[in-house]
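The values are calculated or read from the model by the stated rules, or taken from the named source; none is laboratory data. Quantities reported herein were computed from a predicted structural model and do not represent experimental measurements. For neighbour counting, all protein chains shown are included, and Cβ atoms are generated from backbone atoms with ideal geometry for every residue, glycine included. Each accessible area value is taken on the protein alone, full model and side chains, heavy atoms only, with ligands, DNA and RNA left out. Shrake-Rupley method; radii C 1.70, N 1.55, O 1.52, S 1.80 Å.
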Amino acid sequence: MKIGLVSAILEDYDFKKMIDTVSEIGYECVEVACWPKAKAERRYAGVSHIDVANLGDTEEILSYCKEKNVEISALAFYPNTMDGNLEKRAANIEHLYKVIDASKKLGINLVTTFIGRDQTKTVEENLELVKEIWIPI
C-alpha cells in the first residue's frame, strides 16, 4: 500500500512544488487536482496542478514524478455533474471528459470524482437523473 494525499490541499503550489512537497514528506503517490482554471466557488474547487485543457506533451510531468519517486495515483475533479443549472452541469461534464482523456494520456487510467446531485430533487429523482446524464456507452 502507498500513502499519499490529494494535491488540492496545496492549493497555492505549482505542479513541481507540489510534487517536491509530496516527495519531501515521504509519500509515494498523489491524487492530482485538475479543476478548470476559474475562480473557485468553494474551498479547493478551482485548484489545478495539471491543466488538462492544455495538456500537451506528458513527458515532462511523468519524468518529474519519476525523478521525485512520486506516482500520480489519480487525477481528481470533484464537480457537481448533476447541477440544476444546466450550463454549469454541461461545463462540469465537458471538463470531466478532459480529465478522463488526460488520465489516459498520462497512463494513470484512474479519475476520482463526485457524481453530484440536483439539490431540488429527491434521492429517487436524482437516481433517475443519473440514468439520463450518464448513459452507458
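A few notes on this one:
- Of the residues making up the range 102-119, those that are open to solvent by 90 Å² or more (accessible area, probe 1.4 Å) and modelled with pLDDT of 95 or more are 104, 105.
- Residue in the range 102-123 that is part of a helix (DSSP H, G or I), under 21 Å from residue 58 (Cα atoms) and not basic (Lys, Arg) present: yes
- The strands (runs of 3 or more DSSP E) located wholly in the range 1-97 that include 1 or more residues which are more than 30 Å from residue 135 (Cα to Cα) and either open to solvent by 30 Å² or more (accessible area, probe 1.4 Å) or out of contact with any Ser or Thr (no Cβ under 8 Å at 6 or more places or on another chain) (or both) occupy 4-6, 71-77.
- Annotation note: Cβ proximity below 7 Å between a residue of the range 92-111 that is on the phi > 0 side of the Ramachandran plot and free of Cβ contacts under 8 Å to residues at least 24 places away in the same chain and a residue that is surrounded by fewer than 20 Cβ atoms within 10 Å (Cβ to Cβ) and not in a helix (DSSP H, G or I) (sequence gap 6+ or interchain) occurs for no pair.
- Top-ranked residue of the range 124-137 - restricted to ones that are in a helix (DSSP H, G or I) and open to solvent by 100 Å² or more (accessible area, probe 1.4 Å), ranked as farthest from residue 81 (Cα to Cα): 124
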